[in-house]
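Note sheet for the following structure.
We did not get these values from a lab; they are worked out from the coordinates using the rules stated. Source: prediction; values computed, not measured. With ideal geometry, Cβ positions are generated from the backbone for all residues, glycine too; neighbour counts draw on all protein chains shown.
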Amino acid sequence: MAEHQPRPDWAAMTDEAVGLLADYLRLDTINPPGNEYLACEWLARILDTEGIPYQTYARDPARPSLVATLRGDGSAGRALVLLNHTDVVPAEADHWSRPPLSGVVEDDYVWGRGAMDMKGMGILELMVLIAHRRLGLPLRRDLTFMAVADEEAGGAYGIDFLDREHPEVIDCDFVLNEGGTGAAEVFGVRRPVFHVCVAEKGPLWLRLVTKGTPGHGSVPHDDNALERLVRAIIRIKGWDRPPMPSPEVFAYFEALHAAGILPGPPSAQTMRTMGRDHPRVQSMLTNSIAVTTINAGVRPNVIPAQAEATLDVRLVAGYDPERFLAELRGVIDDPRVEVQTIFSSSTPASSTNTELYRAIERAVAATCKGAVIAPSISTGFTDSRVFRRRGIPTYGFIPILLEPDDSGRTHGNDERISIENVNLGLQLLFQTVREVCG
Ligand SMILES: [Zn+2]
């Protein structure tokens, strides 16, 4: 990219982004019900002012998604999509020090539900788009800002709707989304590490159902539906599953080792040990199973006829759900325990051998001296799955540096983003986009 091109005034851009984010956080797009039209109308007003064309797509008029594109000359290929979602999860206001929809700017932070997940990133993306328009920067590919509804509740009204009804919108070369972010400290070592999420574990939500013979609690018998279910759960929890470090997990630990953060090179043994100490690492290494609900019975003295439980299973990236189900049935070892699939999504990893990944590396090297870049695995899942399923390289990269104290706030209480991080995020995202589109 040419060095003589105009650059944004970062301080002014940060001020503007903080003001916009504060307003954006005040819009109640808590999902359910979402009401993402509030976000779309607000974004549309800003884009109108800037003269940037956009389109909205809605399965439900109250829940549109918005796509804005700055056209490039196409010489570098198809679009880079800056993906974000406009809905947020509910908040327990009683546990917050500031009201969750206040968007208050205090103590060098912007506070509110969605500051991290992911209205903050949405504003970084919006500002980078606007900066391109205002500065008239040349683009060798389209730059697309995609603000979708309903990510937090599965995407039926957002990305899945676009995928099914408007696949032309999904068609692109690269996607940047949430899923990975930077940390000022990793495994107790203070050193900036930017996680670029290249893969997500595959959710496989299951329901176990047992049926038995109802009866009086004073006369126990062997065909108690609830006891059958409990036996199944005990067997599942006792299932010893060996760690299965995927190549992506190996690459993550290798990057940390190369940076001097982990003393030894990754081996099956060291990873097992780390898994024992860190639940998140353990989840990265295994097909994880959490029992999340159980339902049975009506009275203390009535043997129930039916019992149900749900399992939140997260498969390591690329693991075949059918294979897992066969293994699970073997462990339960009881044909009268019915295993139903509620939701399943398995997506391949994105390769790190791409122009976009190298662009991120260069942008980080230029902006944040001494920082480490590590490809990472997310234990959760995002809208990235729709793009990865189509083979489009998609990275989770919110380009900011979180302190250890910041990490529990996403989906938790007192969610916030520091003004310093807004500044850093703008520079890193702008630089990354210039590397790929300029
Ligand atoms: Zn999110």
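The set of residues in the range 65-123 being β-branched (Val, Ile, Thr), assigned to a loop (DSSP other than H, G, I, E, B) and more than 16 Å from the ligand (Cβ to nearest atom) consists of Val104 alone.
Conditions tested, residue by residue: (1) surrounded by fewer than 19 Cβ atoms within 10 Å (Cβ to Cβ); (2) part of a strand (DSSP E or B).
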| position | (1), (2) |
| --- | --- |
| Val249 | no, no |
| His257 | yes, no |
| Gly260 | yes, no |
| Met284 | no, no |
| Ile294 | yes, yes |
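Selection over the range 1-49 of residues that are touching a Lys or Arg at 6+ places or on another chain (Cβ under 7 Å) and assigned to a loop (DSSP other than H, G, I, E, B) gives a count of 3. The number of residues in the range 100-117 that are surrounded by fewer than 21 Cβ atoms within 10 Å (Cβ to Cβ) and touching a Lys or Arg at 6+ places or on another chain (Cβ under 6 Å) comes to 2. Counting only helices (runs of 4 or more DSSP H) wholly contained in the range 335-438, the ones carrying 2 or more residues that are within 16 Å of the ligand (Cβ to nearest atom) occupy 384-389.
Looking at the range 107-122, is at least one residue over 21 Å from Asp405 (Cβ atoms) and either among the basic types (Lys, Arg) or free of Cβ contacts under 8 Å to residues at least 40 places away in the same chain (or both)? Spell out the reasoning first.
Taking the range 107-122 as the starting set, the residues that turn out to be over 21 Å from Asp405 (Cβ atoms) are 122.
Then keep just the ones that are either among the basic types (Lys, Arg) or free of Cβ contacts under 8 Å to residues at least 40 places away in the same chain (or both); that gives none.
Within the range 107-122 (the criterion being over 21 Å from Asp405 (Cβ atoms) and either among the basic types (Lys, Arg) or free of Cβ contacts under 8 Å to residues at least 40 places away in the same chain (or both)), the answer is no, since none of the residues qualifies.
Would you check if there is a residue in the range 324-347 being closer than 20 Å to Phe253 by Cα and touching a residue at least 60 places away in the same chain (Cβ under 8 Å)? No, that holds for no residue. For beta carbons closer than 6 Å, sequence separation of 6+ or different chains, a first residue in the range 62-88 that is touching a residue at least 40 places away in the same chain (Cβ under 8 Å) and on the phi > 0 side of the Ramachandran plot and a second that is away from the ligand (no atom under 16 Å from the Cβ) and charged (D, E, K, R), the qualifying pairs are Gly77/Arg141; Gly77/Asp173. Taking strands (runs of 3 or more DSSP E) as the structural unit, those lying wholly within the range 137-224 and holding at least 3 residues that are over 27 Å from Thr292 (Cβ atoms) correspond to 143-148, 174-186, 189-200. When Pro203, Pro192 are checked against the criterion of being surrounded by 16 or more Cβ atoms within 10 Å (Cβ to Cβ) and either within 16 Å of the ligand (Cβ to nearest atom) or without any contact (Cβ under 8 Å) to a residue 40 or more places away in the chain (or both), Pro203 stands alone in meeting it.
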